[in-house]
Amino acid sequence: MINQQDITLRSFVTSDKIQLVEVLNRHIVIRYLSSKIPSPYTEQDATWWINDGSRQGFVRAICYRGKFVGCIGVNPGEFEYQRSGEIGYWLDSAYWGKGIMSQAIELITAEVFGTTSIVRIFAAVFEPNLPSKKLLLKSGFHQEAVLKDAIFKDNTFFDNHIFVKLKPRITD
């Protein structure tokens, strides 16, 4: 397994472009991601992401032993949902099963809970994505709901499994 110091989170940089294009054109990586991610994923898409898209919310590049391998972020809600944020993530399939993403989730949730007024982080998971469900449970989330046929992607309906982690409350 990995050591905690093997995983770091940082802002995206121009040198991430080639890896972004390569990984986000792999069906196995994007099949359960939002269709907001263009397909095919081009160098222009990567440039926009590095310069603009990744600057919204709390988005970080995941590095394993200094190498860029994935992305994780929490997008804050608005208006009456301002104290809630949605977590999303992806990892280069060559690095699956090493414990990298559970460490990245721990780092980003600690950052968001420690530096913002967000008290609720939730994830929306496609029904067939069992590894993501297991990852979230391992990371201290619990399943809150199942929204039937709530996701429509690639001409297919999927149930949306909602997982949540609440900021620990300090009581006197």
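The values are calculated or read from the model by the stated rules, or taken from the named source; none is laboratory data. None of the values given here were measured: they were computed from a predicted structure. Note: ideal-geometry Cβ built from the backbone for every residue, glycine included; neighbour counts use all protein chains shown.
A compact table of results
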quantity: Single residue of the stretch 143-171 satisfying the filter (charged (D, E, K, R), surrounded by fewer than 16 Cβ atoms within 10 Å (Cβ to Cβ) and assigned to a loop (DSSP other than H, G, I, E, B)) that is modelled with the highest pLDDT; calculated: ASP154
quantity: Of all residues in the stretch 115-142 being basic (Lys, Arg) and not in a strand (DSSP E or B), the one that is farthest from ILE28 (Cα to Cα); calculated: LYS138
quantity: Enumeration of residues in the stretch 115-138 that are free of Cβ contacts under 8 Å to residues at least 60 places away in the same chain and over 13 Å from the mean Cα position of the chain (by Cα); calculated: THR115, THR116, SER117, ILE118, VAL119, ARG120, GLU127, LEU130, PRO131, LYS134, LEU137, LYS138
quantity: Count of residues meeting criterion [of a type in the set (Gly, Ala, Ser) and either touching a Cys at 6+ places or on another chain (Cβ under 9 Å) or farther than 20 Å from ALA110 by Cβ (or both)] in the stretch 42-77; calculated: 6
quantity: Selection count, the stretch 56-93, where residues are without any contact (Cβ under 8 Å) to a residue 12 or more places away in the chain and either touching a helix residue (DSSP H, G or I) at 6+ places or on another chain (Cβ under 6 Å) or not hydroxyl-bearing (Ser, Thr, Tyr) (or both); calculated: 5
quantity: Any hit, the stretch 80-95, residues being in a helix (DSSP H, G or I) and closer than 21 Å to LEU137 by Cα; calculated: yes
quantity: Residue ID - surrounded by the fewest Cβ atoms within 10 Å (Cβ to Cβ), chosen from residues in the stretch 1-23 that are in contact (Cβ under 8 Å) with a residue 40 or more places away in the chain and aliphatic (A, V, I, L, M); calculated: MET1
quantity: Sole exception among (1) touching a residue at least 12 places away in the same chain (Cβ under 8 Å); (2) under 30 Å from PHE158 (Cβ atoms) for HIS27, by number; calculated: (1)
quantity: Any hit, the stretch 105-114, residues being in a loop (DSSP other than H, G, I, E, B), farther than 23 Å from LYS36 by Cβ and either in contact (Cβ under 8 Å) with a residue 24 or more places away in the chain or not hydroxyl-bearing (Ser, Thr, Tyr) (or both); calculated: no
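Per-residue answers, yes or no, for (1) among the charged types (D, E, K, R); (2) touching an Asp or Glu at 6+ places or on another chain (Cβ under 9 Å); (3) modelled with pLDDT of 95 or more; (4) farther than 20 Å from SER132 by Cβ:
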{"position": "GLN44", "(1), (2), (3), (4)": "no, no, yes, yes"}
{"position": "VAL69", "(1), (2), (3), (4)": "no, yes, yes, no"}
{"position": "ASN75", "(1), (2), (3), (4)": "no, yes, yes, no"}
{"position": "ARG83", "(1), (2), (3), (4)": "yes, no, yes, yes"}
{"position": "LEU91", "(1), (2), (3), (4)": "no, no, yes, no"}
{"position": "SER102", "(1), (2), (3), (4)": "no, no, yes, no"}
{"position": "GLU111", "(1), (2), (3), (4)": "yes, no, yes, yes"}
